[in-house]
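Student: Here it is, the structure in full.
The values are calculated or read from the model by the stated rules, or taken from the named source; none is laboratory data. Only a predicted model underlies this, so the values are computations on that prediction, with no experimental measurement involved. Please note: Cβ atoms are built from the backbone with ideal geometry, for glycine as well, and neighbour counts cover all protein chains shown.
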Amino acid sequence: MSRLDVPQTREYKLLLRADKLRGATPADKADQFWDPRLKQIIADHLDPRKNGKARGKDKFVEQEDRRVYFYDGAPDRLLDPQGFSLRKRIETDKHGNPKCEITLKLRLPALSDVAGRDLHGAHPGAKAKLEEDIGPATVLVGAPGGPVVLAERRSTHRRYALSNTQPLPCDQQPATIADVQFLYPTLLDHLHADPAGALQRGPEIEEVALKGAKVDLGEKVDGEFTLTLWTFEAGYSPHEIAEISFRHDIVDDPEIARRADQLFIAMQNELGDVLYLDCDSKTSLALPRETRELTRRLGR
């Protein structure tokens, strides 16, 4: 069983315009984003460590290359309106063999709505996680799913995400809600949907994740940065997008939470020229095309 009551980690996320990041390769983009920009923001806005050094440390040295697909109903959404998302991720091991996994996630504004739910995976290697998921406070310009602006007084928008990830044969893809229930037996205890409801795959996404850079938040707790680059399949708009995030373990120390929030507010203020504000979630961009178009047309 996979019942989790308390978030173990907290993750802050900002969408970026990939075309505004300098560098010819993903590694170049990460290097040039870290030293001249993000590391300087940390130095300018956070108090120094006890040894007098700035809190930014290390750099982006790890690169993971993957393919990603999201699934939902089309033209009518079955998962997203109830807070669910379904992602298949494919990566290649050092021997050139594909390795696949699938993740079911439930993300809602109230902890009480996700904590304690059983969304266990059928595979014995399934792993569950409960995380506090933090983005910028935004205001919609038009219909849901469309452009946003940052709140005039920079702040945070908090949600809670319960996810379960398990291995998946690479030739397997869910075609119906019943297929998802086979992988997650308790799904229909939490999702109101017809088991026969059809699912479609969203666009193929080439994902590059760069890791290694950190911020020292105090008391041996680091915020670990990930710069994620998404490139969508040909003919899809937008063609590419990026996200900068940092994650830290939740501990009983208000100073750590204060520094993390302070840094995230500073990032919103200092990175305004590269923020992506055409929507407030990269997952929404990965929905099946028909679902996205209907969502925008109906203003849902």
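Student: Tally up the residues in region 104-114 that are part of a loop (DSSP other than H, G, I, E, B) and closer than 20 Å to residue 181 by Cα, please.
Tutor: Step one: of region 104-114, the residues part of a loop (DSSP other than H, G, I, E, B) are 109-110, 114.
Checking which are closer than 20 Å to residue 181 by Cα leaves us with 114.
Qualifying residue count, region 104-114: 1.
Student: Could you pull out every one of the strands (runs of 3 or more DSSP E) wholly within region 115-172 that has 3 or more residues that are of a type outside the set (Phe, Trp, Tyr), within 19 Å of the chain's Cα centre (by Cα) and more than 19 Å from residue 286 (Cα to Cα)?
Tutor: Working: elements: 127-136, 138-140, 148-150, 156-167.
Correct list: 127-136, 156-167.
Student: From the list 5, 35, 28, 58, pick out the single residue that is of a type outside the set (A, V, I, L, M), touching a Lys or Arg at 6+ places or on another chain (Cβ under 8 Å) and more than 19 Å from residue 222 (Cβ to Cβ). Full working, then the answer.
Tutor: On the way: 5 fails: touching a Lys or Arg at 6+ places or on another chain (Cβ under 8 Å); 35 fails: more than 19 Å from residue 222 (Cβ to Cβ); 58 fails: more than 19 Å from residue 222 (Cβ to Cβ).
Among 5, 35, 28, 58, only 28 is of a type outside the set (A, V, I, L, M), touching a Lys or Arg at 6+ places or on another chain (Cβ under 8 Å) and more than 19 Å from residue 222 (Cβ to Cβ).
Student: Is at least one residue of region 27-35 of a type in the set (Gly, Ala, Ser), touching a residue at least 60 places away in the same chain (Cβ under 8 Å) and assigned to a helix (DSSP H, G or I)? I'd like the intermediate steps shown before the answer.
Tutor: As a first pass, look at region 27-35 and keep what is of a type in the set (Gly, Ala, Ser): 27, 30.
Those still in the list that are touching a residue at least 60 places away in the same chain (Cβ under 8 Å) too: 27, 30.
Still in the list and also assigned to a helix (DSSP H, G or I): 27, 30.
Yes; the residues of region 27-35 include at least one that is of a type in the set (Gly, Ala, Ser), touching a residue at least 60 places away in the same chain (Cβ under 8 Å) and assigned to a helix (DSSP H, G or I).
Student: Oh, and also: For residue 192, only one of the following conditions fails: (1) in a strand (DSSP E or B); (2) in contact (Cβ under 8 Å) with a residue 60 or more places away in the chain. What is its number?
Tutor: Single failed check for residue 192: (1).
Student: Kindly provide the set of residues from region 79-101 that are assigned to a strand (DSSP E or B), more than 17 Å from residue 188 (Cβ to Cβ) and not hydroxyl-bearing (Ser, Thr, Tyr), ordered by number.
Tutor: Initially, region 79-101 is screened for residues assigned to a strand (DSSP E or B), giving 84-92, 98-101.
Retained after the next criterion (residues that are more than 17 Å from residue 188 (Cβ to Cβ)): 87-92, 98-101.
Answer for region 79-101, where residues must be assigned to a strand (DSSP E or B), more than 17 Å from residue 188 (Cβ to Cβ) and not hydroxyl-bearing (Ser, Thr, Tyr): 87, 88, 89, 90, 91, 98, 99, 100, 101.
Student: Mind listing whichever residues of region 246-267 are touching a residue at least 12 places away in the same chain (Cβ under 8 Å), assigned to a helix (DSSP H, G or I), surrounded by fewer than 20 Cβ atoms within 10 Å (Cβ to Cβ) and not hydrophobic (A, V, I, L, M, F, W, C)?
Tutor: Hits for region 246-267 are 255, 261, 262.
Student: Kindly indicate whether residue 207 is assigned to a strand (DSSP E or B) and either within 30 Å of residue 51 (Cβ to Cβ) or touching a strand residue (DSSP E or B) at 6+ places or on another chain (Cβ under 8 Å) (or both). Explain how you work it out, then say what you get.
Tutor: Working: assigned to a strand (DSSP E or B): yes; either within 30 Å of residue 51 (Cβ to Cβ) or touching a strand residue (DSSP E or B) at 6+ places or on another chain (Cβ under 8 Å) (or both): yes.
So residue 207 fits the description; yes.
Student: With respect to residue 148, is the statement that it is surrounded by 13 or more Cβ atoms within 10 Å (Cβ to Cβ) and modelled with pLDDT of 95 or more true?
Tutor: Working: surrounded by 13 or more Cβ atoms within 10 Å (Cβ to Cβ): yes; modelled with pLDDT of 95 or more: no.
Here the answer is no, as residue 148 does not meet what is asked.
Student: Where residues in region 32-85 are surrounded by fewer than 19 Cβ atoms within 10 Å (Cβ to Cβ) and of a type in the set (Asp, Glu), which of them is modelled with the lowest pLDDT?
Tutor: Among them, the one singled out is 76.
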